[in-house]
1. Name the single residue that is farthest from the chain's Cα centre (by Cα) among those in segment 15-50 being open to solvent by less than 80 Å² (accessible area, probe 1.4 Å), away from the ligand (no atom under 16 Å from the Cβ) and not hydrophobic (A, V, I, L, M, F, W, C).
2. When you look at Val53, is it open to solvent by 40 Å² or more (accessible area, probe 1.4 Å) and of a type outside the set (Phe, Trp, Tyr), yes or no?
3. Does Pro74 satisfy the criteria of being of a type outside the set (Lys, Arg), within 20 Å of Asp134 (Cα to Cα) and open to solvent by 60 Å² or more (accessible area, probe 1.4 Å)?
4. Can you find even one residue in segment 56-71 that is touching a residue at least 60 places away in the same chain (Cβ under 8 Å) and farther than 24 Å from Ile105 by Cα?
5. Within segment 164-173, which residues are more than 10 Å from the ligand (Cβ to nearest atom) and either surrounded by 19 or more Cβ atoms within 10 Å (Cβ to Cβ) or among the hydroxyl-bearing types (Ser, Thr, Tyr) (or both)?
6. Tally time: how many residues in segment 98-120 are open to solvent by less than 60 Å² (accessible area, probe 1.4 Å) and either touching a residue at least 24 places away in the same chain (Cβ under 8 Å) or more than 10 Å from the ligand (Cβ to nearest atom) (or both)?
7. Among what's in segment 127-153 and is touching a strand residue (DSSP E or B) at 6+ places or on another chain (Cβ under 6 Å) and farther than 18 Å from Arg171 by Cα, pick the residue that is farthest from the ligand (Cβ to nearest atom).
8. I need every pair where a residue in segment 13-31 that is without any contact (Cβ under 8 Å) to a residue 24 or more places away in the chain has its Cβ under 8 Å from the Cβ of a residue that is loosely packed, with under 15 Cβ neighbours inside 10 Å and part of a loop (DSSP other than H, G, I, E, B), sequence separation at least 6 or different chains.
Amino acid sequence: MTRFAFIAGETGAWRIASVTGVSGEPLVAAARLAVVPAAVAPATAAAWRLDGVVSNVRYATRAEMGELRAQHAPLNRPQARRAALIPIKKSDSWWALAQDERRAIFEEQSHHTALGLKYLPQIARQLYHCRDIDQPFDFLTWFEYAPEHAAAFEELVAGLRATQEWRYVEREIDLRLESDLAQV
Ligand code: HEM
């Protein structure tokens, strides 16, 4: 289980283009973001640091996992010079639900996976879990895409925020990032 650190400060491969507080307590603005394995994260001063781990799926069915695998795009594509980091915390009422109730809200009512699949493979994604490692958020959601797919990504985010699932989101910060690397 590799633990990753998202470190906002003066250094890092990503320039922070915007930090928007969607709900709950905001995060302070910073110039750049570094994403590194926590084991090699520098102990230098940072504006903030959030950690998350790549974990197993909770809700996806066998069929959905197959679709996701077939359509997914890898991270670090040279053309994907835009990224988004969206840390999310869900409410106590979400966590008080049973697994089957959460799945029903997530997919049967909100169609999270079905909606998201329409944006693959243009959007590459990685979900990091952090509820169980003593962090302020439950999830760090990470996306990478080419500049020409930025509008589609905003459409996806707006669509998800209008769902039943999002009624259980009590803290959400939306960061947009740009890579300075020249297009290969
Ligand atoms: C790019 C298209 C997307 C696809 C295909 C997608 C798909 C998924 C899937 C399959 C899961 C469940 C994994 C599991 O079974 O545990 C998931 C979880 C999640 N996604 Fe997405 N997603 C997409 C975009 C987004 C966006 C844009 C956001 C944020 C605005 C987001 C936020 C989350 C969160 C917070 C979870 C964890 C939910 C929970 O466990 O309660 N996703 N996503």
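The values are calculated or read from the model by the stated rules, or taken from the named source; none is laboratory data. Computed from a predicted structure; not experimentally measured. Positions of Cβ are generated from backbone atoms using ideal geometry, with glycine treated the same way; all protein chains shown enter the neighbour counts. Keep in mind that these areas ignore ligands, DNA and RNA; they rest on the heavy atoms of the full protein, side chains included. Shrake-Rupley method; radii C 1.70, N 1.55, O 1.52, S 1.80 Å.
1. Pro42
2. Values: open to solvent by 40 Å² or more (accessible area, probe 1.4 Å): no; of a type outside the set (Phe, Trp, Tyr): yes.
Taking the combined requirement at face value, the residue does not satisfy it.
3. Numbers: of a type outside the set (Lys, Arg): yes; within 20 Å of Asp134 (Cα to Cα): no; open to solvent by 60 Å² or more (accessible area, probe 1.4 Å): yes.
No.
4. So in segment 56-71, the residues touching a residue at least 60 places away in the same chain (Cβ under 8 Å) come out as none.
No, segment 56-71 has no match at all.
5. So in segment 164-173, the residues more than 10 Å from the ligand (Cβ to nearest atom) come out as 164, 167, 170-171, 173.
Scanning segment 164-173 gives Arg171, Ile173.
6. Number satisfying all stated conditions: 15.
7. Filtering first and then ranking leaves Pro147.
8. That search, which allows pairs on different chains as well, returns Ala30/Glu10; Ala31/Glu10.
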